[in-house]
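The values are calculated or read from the model by the stated rules, or taken from the named source; none is laboratory data. Note that this is a predicted model, so its numbers are computed, not measured. Reconstructed Cβ throughout: ideal geometry from the backbone, glycine too, with neighbour counts over all protein chains shown.
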Amino acid sequence: MKLDLRFSNRPLEDLWCQAVTALVFQEADITDESILGLNTKMGGFLSHLKESGFWTGERGERLLVAPQDMIPSDKVLFYGLGRRSGYKISIVEQGVQELGKAFRDMRVNEFGIAIPIVETPHKDYPSLLEIAIQYLVKPFYEHHNHDLNFILKIIVFIERDFIERLYLVVDRLRLYFSALMEVSIIVDRKTNDTQVVNDG
């Protein structure tokens, strides 16, 4: 198994991949940067679902939709995180592992995801990000660890003001995954019309 892990400030709605996943809180407002653009590009689809009560964002609630050419990805998977006030690392661990299993079972091996910061001090966010990615990859590793031709590509959306501080996370993740599989980790940031790529 090979892991191609990318950190990018390219929004989910602009990613060309098999699927993107939006982690959504139970509150009705759609304000998180990683979700706002996706909701807008899909014509307010998520807002409509929440206002109608069809989608609540309750912890563990999942909804798979086809974006119908409104965004480049083939699928969008919404995953509920519950209330913002209850947001903590254990919820993320469980949630991303469930998402990993869902994508593995759907044979999706190229996807974009955003791990919300939300009321977590930036000094704690690197640990949250590191743990979340390990748990996200785990279901694929359990199933494909002996398949040298299997490539898992994950693009992690990172808000622009945080992406410059990723390098310790990259180093720790490279050390962790290199003991298990072949791994490539890239920090890809786009500033206005200029794209800067750093392989860590």
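Based on what the data block shows, is residue 161 surrounded by fewer than 17 Cβ atoms within 10 Å (Cβ to Cβ), free of Cβ contacts under 8 Å to residues at least 60 places away in the same chain and part of a helix (DSSP H, G or I)? Answer is no for this residue. Given the conditions (1) touching a helix residue (DSSP H, G or I) at 6+ places or on another chain (Cβ under 8 Å); (2) more than 19 Å from residue 12 (Cα to Cα); (3) modelled with pLDDT of 95 or more; (4) of a type in the set (A, V, I, L, M, F, W, C), report the number of the one that residue 89 does not fulfil. Here residue 89 meets the rest and fails (3). Please verify whether residue 118 is modelled with pLDDT of 85 or more, closer than 27 Å to residue 171 by Cα and not polar (S, T, N, Q), treating the condition exactly as stated. It is false that residue 118 is modelled with pLDDT of 85 or more, closer than 27 Å to residue 171 by Cα and not polar (S, T, N, Q). Within the stretch 1-27, the set of residues being in a strand (DSSP E or B) and either out of contact with any Gly (no Cβ under 7 Å at 6 or more places or on another chain) or under 21 Å from residue 69 (Cβ atoms) (or both) comprises 2, 3, 4, 5, 6, 7, 8, 19, 20, 21, 22. Evaluated against (1) assigned to a helix (DSSP H, G or I); (2) modelled with pLDDT of 95 or more; (3) touching a Phe, Trp or Tyr at 6+ places or on another chain (Cβ under 8 Å), residue 170 falls short on exactly one condition, (2). Regarding the stretch 20-30, can at least one residue be identified that is in contact (Cβ under 8 Å) with a residue 60 or more places away in the chain and either farther than 19 Å from residue 154 by Cα or basic (Lys, Arg) (or both)? Yes: one or more hits. Residues of the stretch 47-67 that are in a loop (DSSP other than H, G, I, E, B) and either under 16 Å from residue 129 (Cβ atoms) or out of contact with any strand residue (DSSP E or B) (no Cβ under 9 Å at 6 or more places or on another chain) (or both): 53 alone. Applying the set (1) of a type in the set (A, V, I, L, M, F, W, C); (2) closer than 16 Å to residue 99 by Cβ; (3) in contact (Cβ under 8 Å) with a residue 24 or more places away in the chain to residue 42 leaves exactly one unmet item: (2). Each residue in the stretch 28-46 was checked for being over 17 Å from residue 13 (Cβ atoms) and not in a loop (DSSP other than H, G, I, E, B), and 0 of them qualify.
Filtering the stretch 68-118 down to residues that are assigned to a loop (DSSP other than H, G, I, E, B) and of a type in the set (Lys, Arg), which residue is surrounded by the most Cβ atoms within 10 Å (Cβ to Cβ)? The qualifying residue surrounded by the most Cβ atoms within 10 Å (Cβ to Cβ) is 83.
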